[in-house]
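S.K.: Below is the structure I would like to discuss, written out as structure tokens.
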Amino acid sequence: MKIIKYKEEDGSLQLAAVTEKEEIFPLPYEDFLTIIEKAENQGMTCLDLVEQAIADSHMLPYALDELTLTLPLHAGEVWAAGVTYLKSKKARNYEAYEGNEEVADSYYDKVYDAERPEIFFKSTGSRTVGPEDPVYLRNDSNWQIPEPELGLILNSNGRIVGYTVGNDMSSRDIEGENPLYLPQAKIWKGSCSFGPAIRLAETVEDPYDLTITCEIFREDEKVFEESANTSQLKRKYHELVEYLQRDNDLFSGTVLFTGTCIIPPNEFTLQKGDRIEITIPEVGTLRNPVHELVVKKATV
Ligand code: DO4
Ligand code: MG
């Protein structure tokens with residue numbers, strides 16, 4: 001079972017459930033956040049609540065690909081884990097150590113093996129975009145990539161209530177220059193995207209066996225394609241959530257990206273006009289065009 005939000009002809013937004021048979025049922029809730037909170041307050045699973053609502057709903061006469069999907073959840077906070085896959089550790093070393101992927105004692109090597117994972121703040125609700133929305137390139141970076149990641153949707157107790165497809169847009173040259181620049185390498189307008197749906201956790205057979213594929217198109221030509229599987233993840237999801245929760249308030253609908261295992265070749269950088277497509281078959285395909293930001297001059 002998946003949750004989507006689509007645009008009606010009059011421009012209004014409608015939340016809906018999509019069954020395994022791809023039948024679509026409008027739901028009487030504004031946002032997936034309402035479902036998370038209601039389920040938590042009533043001691044139910046999101047799936048139980050959605051199934052109850054479907055019983056009082058009617059099936060839409062549309063196919064999923066006929067709908068214009070939007071962000072299905074207003075996530076006040078998006079966090080992300082880093083260096084959770086070997087491939088990411090090597091890429092980070094490459095950026096920071098002049099092309100040297102194997103650096104025995106770098107901070108990236110240390111965090112890959114340490115008990116405490118790397119977890120950083122990625123985005124606020126207003127910086128996060130959904131399917132078909134543009135993601136942006138920073139003007140002060142010459143080396144930018146999408147990071148295709150599995151996203152966990154959490155309730156306020158840290159329970160995983162759903163899974164989504166995430167894009168942790170990243171600047172490799174800014175982070176490579178100095179890891180203390182991490183927030184600038186990770187956070188800017190439209191640098192975080194997720195969707196196009198949320199797959200309810202109870203309906204995922206094995207979250208450690210999800211294939212993630214990233215394709216990048218430039219003027220209708222595919223310039224990059226790579227796949228990875230969550231079985232390659234060094235950490236367990238509950239371990240990442242436990243560290244995120246430590247001495248911290250977790251808000252319903254928080255999203256936690258779990259790190260990337262797909263990195264385009266080192267000479268690759270995104271360009272204005274590119275289209276990024278990230279697919280996890282159990283969730284769907286997250287598509288975003290790449291735009292350039294119009295620079296606003298700082299006022300003093
Ligand atoms: O250390 C920087 C971030 C790494 C990251 O975002 C990832 O591994 O996905
Ligand atoms: Mg990442």
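Every number in this text was worked out from the coordinates using simple rules, so none of it is lab data. Since the model is a prediction, treat every value here as computed from it, not as a measurement. Heads up, the Cβs are rebuilt from the backbone with ideal geometry, glycines too, and the neighbour counts pull from every protein chain shown.
S.K.: Run through region 1-101 and list the trypsin sites (Lys or Arg not before Pro) located in a DSSP loop whose Cβ has at most 11 other Cβ atoms within 10 Å. Walk me through the numbers on the way to the answer.
M.R.: Values: sites: Lys2, Lys5, Lys7, Lys21, Lys38, Lys87, Lys89, Lys90, Arg92; in loops: Lys21.
Sites meeting the loop and neighbour criteria: Lys21.
S.K.: Something else about it: Which loop chymotrypsin sites (Phe, Trp or Tyr not before Pro) in region 83-144, with loop taken from DSSP, have no more than 16 other Cβ atoms within 10 angstrom of their Cβ? Can you show the working numbers first?
M.R.: Numbers: sites: Tyr85, Tyr94, Tyr97, Tyr107, Tyr108, Tyr112, Phe120, Phe121, Tyr136, Trp143; in loops: Tyr85, Tyr97, Trp143.
Within region 83-144, the qualifying chymotrypsin sites (Phe, Trp or Tyr not before Pro) (loop, at most 16 other Cβ atoms within 10 Å) are Tyr97.
S.K.: Would you calculate the convex hull of the Cα atoms in the chain and tell me its volume per residue in Å³? Provide the component values of the computation, followed by the final result.
M.R.: Working: hull volume 45.1 nm³, N = 300.
Looking at the chain, the number lands at 150 Å³ per residue.
S.K.: Still on this structure: Report, to the nearest 10°, how far helix 46-55 tilts away from the longest principal axis of the Cα atoms in the chain, using its own Cα long axis and a range of 0 to 90°.
M.R.: 40 degrees
S.K.: Return the calculated 222 nm mean residue ellipticity for the chain, to the nearest 500 deg cm²/dmol, obtained by summing -39500 (n - 2.57) across DSSP H runs with n ≥ 4 and dividing by the residue count. Please list the in-between numbers first.
M.R.: Numbers: 7 runs with 58 residues, N = 300.
Roughly -5500 deg cm²/dmol at 222 nm, from the helical runs in the chain.
S.K.: Suppose a student asked you for the relative contact order of the chain, using Cα pairs under 8 Å spaced at least 6 residues apart; what percent would you report? Let's see the in-between values first.
M.R.: Numbers: 700 pairs, mean separation 68.7, N = 300.
Here the relative contact order equals 23 percent.
S.K.: Which GluC sites (Glu not before Pro) does region 108-207 hold that lie in a coil by DSSP with at most 10 other beta carbons within 10 Å? Write down the numbers at each step before the final one.
M.R.: On the way: sites: Glu115, Glu118, Glu132, Glu149, Glu175, Glu177, Glu202, Glu205; in loops: Glu115, Glu132, Glu205.
Qualifying residues, ordered by number: Glu115, Glu205.
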